[in-house]
Every structure is written in structure tokens, then in C-alpha cells.
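Here, each number is a calculation from the coordinates, and none is a lab measurement. For clarity, every value in this text was computed on a predicted model and none was experimentally measured. FYI the Cβ positions are ideal-geometry reconstructions off the backbone, even for glycines, and counts take in every protein chain you see.
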Amino acid sequence: MFAPQAEGTPITTIEGVTPGPGELSPLQDAFCETHGLQCGYCTPAMILAAHALLADNPDPTRDDIVEAISGNLCRCTGYAQIIEAIALAADRIRGRNRPSELRR
Amino acid sequence: MSADQHRFVSADRRVREDRRFVAGKGRFVADIDLPDTKQVALLTCPHAAARIISIDKRAALAMPGVHYVLDGSELAAATLPLMTGLDTPNVPRRPLAVDIARYSGEWVAAVVADTRALAEDAVEEIDVRYEPLPFVLDAE
């Protein structure tokens, strides 16, 4: 998608996914936890693509995740840890209201 | 071994700088916008292997906002080859191809201009004559 195609629509950037000052969203946190980044250059786009995916599909398969981030290039991680981060965040978001003894 | 003595060994640690990258607070060279910074665009070789016969820079240099066109010979005369980490003394690696381009996409010339767009346009005005050479597609 080119920027002019987004004219008139609300746009969320990476700054907009942080729940509050000094806090991280489950996705941002999962990227840190699984080492889903190194240099960080592609990271905002990866996280935003993942946010868009999870908004539509809270329980994505590995293929769904791969498809969702396929528009971004990462030269550091080899993608495996990015996919891991998104799967971990999806699991945590789904399990948010699960009683703690039922959580994995 | 005691745990406090080896707190980094076999322990999951978070990377200190990750936090700023996931929150959009990363700062990269591309974010630095100093006044009067010039931009570079690179001309790539379209052949898998080719001898570079000539590089005509005149049209590119005549464009307003274009400051310099650097080719491999000029760069090689002023710099040492890159370190390759391989024992291949007969194949010096250089940032811009000298005489022979050895793969499709190898950089052949660099244009310095006021903006990246101008530099990219000027790249298209460089007239390189190649003599395509035989090439191999696999290690066998």
C-alpha cells in the first residue's frame, strides 16, 4: 500500500500501540522476550503488521503469521524469533482473562 | 558454581536496547538529517558477468543537483580492497566493480546528488558499455 492510498483514514504508528507511558503492549513485550529483533530497523513494521493480524485473527496459525509479516524484510533474525514473538503474544492476549492455574 | 557469580550464564536475559526499538524510539543513520547532506545512489550491473568497456558519466554530471559520479577505477586508486575473510588473493573485493563485474547487481558506479531522487535519476543517465562474459550458475 502506498501512503496516498491511506488518505482520509486513521493511521496508527508504533508510538500508538504503547498502552501508556513506559508500558509495552503484549506484542512489544513478546518481541523483547523472544529476541524478535536485533538492530530494530524493521521492528515497528513487524509489530504493526502483527497488531493488524491479531485484531482480525486472535488465534493465527504459523502460516497466517508468516503471511502477515511477508511484506517486511528483516536481515537480523531470520524471522523465526519474530514468528515466535507473535505466536507468544497471541497466546497471552487470548489467555488474558484465563484463571492463572489454567494458563500455560 | 554459585548462581550470583554467574548470573549471565544459562540465564534468559532481556536486551537493554530492545525496549526503545519496539516503542518506536530507535534512532538510525537514516534519521539523521544534517543540513546540506548529499545523497548517494548506486548503479548496478545487469549482467551475471561482464567486462566493463567504458563508463560515460557526462549526461549524469550535466544534470542540475548532481555533484559527482564515482566509478570503480577511481575508488580503487584511492582505497585498499575490502577484507574478505577468504584466502582468495587473486579476487580482491571492492565496493565498486573494477574492469569486471562478477554478479548481476554488483555496484558499478555511485552518484552523489542533492537528493536521493536526483541521484537515482542520474544513475539512469550513466552510459556503461559492457562485454558480457561466460558465467556459471552453480558450484559444480
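Before moving on, here are some points about what is shown:
- B:ALA49 long-range amide H proximity, modeled H, under 5 Å: B:LEU133
- Neighbour-limited loop hits for chymotrypsin sites (Phe, Trp or Tyr not before Pro), segment A:1-74 (at most 10 other Cβ within 10 Å; DSSP other than H, G, I, E, B): A:PHE2
- Exposed trypsin sites (Lys or Arg not before Pro) absent - longest run of chain B, DSSP non-H/G/I/E/B, at most 11 other C-beta within 10 Å: B:28-140
- Rounded to the nearest whole Hz, the Karplus-based 3J(HN,Hα) values (6.51 cos²θ - 1.76 cosθ + 1.60, θ = phi - 60°) of segment B:79-89 follow the sequence 9, 8, x, 5, 6, 9, x, 10, 8, 10, x, with x at glycine and proline.
- Farthest towards the positive end of the charge dipole of chain A, among the residues A:ASN72, A:ALA45, A:LEU88, is the Cα of A:LEU88, using unit charges on the Cβ of Lys, Arg, Asp and Glu.
- Cα-based helix-to-principal-axis angle, A:43-56 vs chain A, degrees rounded to 10: 70
- Here the Karplus curve 6.51 cos²θ - 1.76 cosθ + 1.60, taken at θ = phi - 60°, turns the phi angles of segment A:7-22 into couplings of 4, x, 10, x, 10, 9, 9, 4, 5, x, 9, 6, x, x, x, x Hz, with x standing for Gly and Pro.
- Positive-pole candidate from B:GLY24, B:ALA97, B:LEU43, dipole of chain B, charges at beta carbon: B:GLY24
- A cut-off of 5 Å between modelled amide H atoms, ignoring neighbours fewer than 5 places along the same chain, links B:ILE100 with B:ILE52.
- Take the Cα of B:THR84, step 7 Å toward its Cβ, do the same at A:THR18, and the gap between the two points is 4.6 nm.
- Rounded to the nearest 20 debye, the dipole size of the protein assembly as shown about its Cα centre is 840 debye, using +1 on the Cβ of Lys and Arg and -1 on the Cβ of Asp and Glu.
- Segment A:43-59 and segment A:78-103: distance between their alpha carbon centers, rounded to Å: 13
- Residue of A:PRO58, A:PRO44, A:PRO21 that the Gaussian network model of chain A assigns the largest fluctuation, springs spanning Cα pairs under 10 Å: A:PRO21
- Backbone geometry of segment B:96-108 corresponds, through the Karplus equation with coefficients 6.51, -1.76 and 1.60 at θ = phi - 60°, to 3J(HN,Hα) couplings of 10, 4, 10, 6, 10, 9, 10, 7, 5, x, 5, 6, 10 Hz, x marking Gly and Pro.
- Peptide B:27-33 has a mean shielding of 1, counted as Cβ atoms of other protein chains within 10 Å of each residue's Cβ.
- A simple spin-label model places pseudo-atoms 7 Å from Cα toward Cβ; at B:THR37 and A:ARG62 they are separated by 4.0 nm.
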